[in-house]
Amino acid sequence: MENGIKDAVSVQQYIEKAGDLAKKQYMQKIWEMSKENIFHELMRVHAKSSELLMQAEAEIVYLKSILDGPEDGDARH
């Protein structure tokens, strides 16, 4: 079991390193962009984050509707 834990920690470290590398590459890409391209990237990121927020809010509304649904005994588990 201990080996499984070590493997999991090792995998997590690789994921973190990959994430750090991706961040570094993204920042290098941004640094090399023109002001116009940086603005377009900012708008792309803003649009994507707005989309994700709307999806999350819709999911919250959906889950609340399930929780607040009819109390017929079998509807909630």
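The values are calculated or read from the model by the stated rules, or taken from the named source; none is laboratory data. Only a predicted model underlies this, so the values are computations on that prediction, with no experimental measurement involved. All Cβ positions, glycine included, derive from the backbone under ideal geometry; neighbour counts span all protein chains shown.
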Test: residue in segment 2-18 that is modelled with pLDDT of 95 or more and hydroxyl-bearing (Ser, Thr, Tyr): no
Of all residues making up segment 47-56, the number that are of a type outside the set (Gly, Ala, Ser) and more than 14 Å from the chain's Cα centre (by Cα): 0
Tabulated pairs, segment 39-55, first surrounded by 10 or more Cβ atoms within 10 Å (Cβ to Cβ), second assigned to a helix (DSSP H, G or I) and not hydrophobic (A, V, I, L, M, F, W, C), C-beta under 9 angstrom, 6+ apart or interchain: Glu41/Lys29
